[in-house]
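Scroll down for the structure; my scribbles are underneath it.
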Amino acid sequence: MTLPHTTLTDVHDPAFVARLKEDARGQLDLFRASLRPDGRLAVLDRDGAAIEGPQELITTTRLVHSYALGHLAGHPGCMPFVDAGMRALWDNHRDSEYGGYIWSFDASGPVDTDKLAYGHMFVLLAAASAEAAGHADAKRLRDDVTKVISERFWDEPAGLMQDEFRRDWSIFSDYRGMNANMHGIEAHLSAFEASGEAVYLERAGRILSFFVDHIGASNGWRLPEHYRADWSVDETYEGNPMFRPYGTTPGHSFEIGRLLLQHWDLSGRPDTGALQKARALIETALNDAWLPEGGFAYTLDFDGSQRVRDRYWWPVAEAIGAVATLLKVDGRASDHAWYTRLWDTAFTLFIDQKGHGWFPEIDAQGRPCDRQFTGKPDIYHSLQAVLYPLHDGVSQHYKGITGLLSETSE
């Protein structure tokens, strides 16, 4: 039963809002240590010190995006991080010989030069967020990466993204995956919000249609991760245990469910059943993956049974965003209960109460551990989990978070 008054307003009392804002400010302050004296950006160890090593595209782009959000939200001192990341994207990651963006570099030059759709989707996201924050070089970056995506990754007949190439764009794999496409939805919706260019909304809608209407609807509202070149599900594939695990990943169902509602909202809320489909994706993942001790099993088998029970921060963060979005458009008592449970889990298990930031993984006893991750890799998931529920909108996140962290908002 829908309860019209069971909304975010009911759970966001002033003390809770203050606690969330304190967490967002703490995350942004913690990652100030990521900016090195030479202008490169680093991941941090568990105590908040920079870790030496190549700068990866995922680090650069996620920090540009996060600090652009911080700037829009009114937190001081964020633009130097956006500036540093934008320079790195244009001067170091961008491949002036072959086009596109390489995965990593260090002080001596390129390190890993493969061209991945996953990384390019984050370049587009960083460009969109920097553009929303008013960065002078953002449109140049958005135009360039959009051209690369259109010419190299976008499979027009399928309406989906191809995954990976060598530096010179030679083909070494026919792998197709949901992860890059899911982040493609996110990046294209953000680019549409920043630019108003309809191609971004149209492409996001085509990707969503495949994974929601075709894959989700025919697989019990669960989303297989891996596909063959003809976009048939590959139920045998097992790759990198973090980025390409076997089976299904419930955290991605939370993301796609939220993004479906964002696309629906940006499209004028047409009568397409989007709300019901989003709820089916999100609730199936919540019920399949929740662990009695708190948090989510990282992966599931195709029937929804739990496979890898390791607990990471990002599925909890994404579930918060997904359930918060349901509360904004279709608030139910069950959503209220999940939202409260998820934040209780975040503060009890994942949020570092002493040093700020979120621990990326915890062990069976609820203690921070470093099996898949070293230290604290970024604030992309966790910052969004705090900021997006604090405004009323389902989309228009750039406008919605404006001034949220400024002193005048208290």
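Just so it is clear, none of the values below were taken in a lab; they were calculated from the coordinates. Keep in mind that this is a model prediction, so the values were computed, not measured. Please note: Cβ atoms are built from the backbone with ideal geometry, for glycine as well, and neighbour counts cover all protein chains shown.
When peptides 185-192, 54-61 are ranked by their average number of other Cβ atoms within 10 Å per residue, the highest-first order is 185-192, 54-61. Looking at the P(r) of segment 293-410, how many percent of alpha-carbon pairs lie beyond 18 Å? Of all Cα-Cα distances in segment 293-410, 57 percent exceed 18 Å.
Taken over segment 29-166, the convex hull of the Cα atoms encloses 113 Å³ per residue.
Multiply the residue separation of Asp155 and Asp114 by 0.36 nm, subtract the distance between their alpha-carbon atoms, and state the gained length in nm to one decimal. The partial results should precede the final answer.
Numbers: separation 41, 0.36 × 41 = 14.76 nm, distance 1.88 nm.
My answer for the length gained is 12.9 nm.
This model, with +1 at the C-beta of Lys and Arg and -1 at the C-beta of Asp and Glu, gives the chain a dipole about its Cα centre of some 440 debye. Taking 0.36 nm per residue of separation and subtracting the Cα-Cα distance, full extension of the segment from Arg269 to Arg32 would add 81.4 nm.
Distance between the pseudo-spin-label points of Gln353 and Met242 (7 Å out from Cα toward the beta carbon): 2.7 nm.
So if each residue of separation counts as 0.36 nm, and I subtract the Cα-Cα distance between Arg140 and Ser406, what length gain in nm does that give? If you can, show how the numbers build up before the last one.
Details: separation 266, 0.36 × 266 = 95.76 nm, distance 2.91 nm.
Between Arg140 and Ser406, full extension yields an extra 92.8 nm.
The calculated 222 nm mean residue ellipticity attributable to helices in the chain amounts to -14000 deg cm²/dmol, summing -39500 (n - 2.57) over DSSP H runs of n ≥ 4 and dividing by all residues. Beyond 13 Å, what share of the Cα-Cα pairs of segment 233-285 is found? Please give it as a whole percent. Roughly 63 percent, once rounded to a whole number. Each Lys and Arg Cβ is given +1 and each Asp and Glu Cβ -1; about its Cα centre, segment 236-377 then shows a dipole of about 220 debye.
Across all directions, the shadow cast by the convex hull of segment 1-73 built on its C-alpha atoms averages 7.5 square nanometres. Histogrammed with a bin width of 5 Å, the alpha carbon distances of segment 157-295 distribute as 2, 10, 19, 21, 20, 14, 9, 4, 1, 0 percent, first bin at zero.
For the chain, what relative contact order do you get, as a whole percent, if you take Cα pairs closer than 8 Å and at least 6 residues apart?
Values: 729 pairs, mean separation 79.5, N = 410.
Dividing the mean separation by the residue count of the chain yields 19 percent.
Take the convex hull of the alpha carbons in segment 220-316; its mean projected area over all directions comes to 7.0 nm².
If each residue's Cβ is checked for other Cβ atoms within 10 Å, how do Lys21, Lys376 rank with the fewest at the top?
Starting with the residue having the fewest Cβ neighbours, the order is Lys21, Lys376.
What does the charge count around Leu342 come to, taking other residues whose C-beta lies under 12 Å from its C-beta (Lys +1, Arg +1, Asp -1, Glu -1)? Walk me through the intermediate numbers first.
Numbers: positive: Arg341; negative: Glu318, Asp335, Asp344.
Counting the neighbours of Leu342, the net charge comes to -2.
Placing a label point 7 Å from the Cα of Arg371 along the Cα-to-Cβ direction, the residues of segment 323-362 whose backbone N falls under 14 Å from that point are 360-362.
Report the calculated FRET efficiency for Asp168 and Ala107 (r = Cβ-Cβ distance, R0 = 22 Å), to the nearest 0.05. Numbers along the way, then the final one.
Numbers: r = 24 Å, r/R0 = 1.09.
That gives a FRET efficiency of 0.35.
Over all directions, the projected convex hull of the C-alpha atoms in segment 86-185 averages 6.5 nm² in area.
Suppose R0 equals 22 Å; then what is the FRET efficiency for Glu202 and Val329 from their Cβ-Cβ distance, rounded to the nearest 0.05?
It comes out at approximately 0.45.
Let a ≥ b ≥ c be the square roots of the eigenvalues of the Cα gyration tensor of the chain; is it rounded (a/c under 1.5), or, if not, prolate (a/b larger than b/c) or oblate? Cα axes put the chain in the rounded bin.
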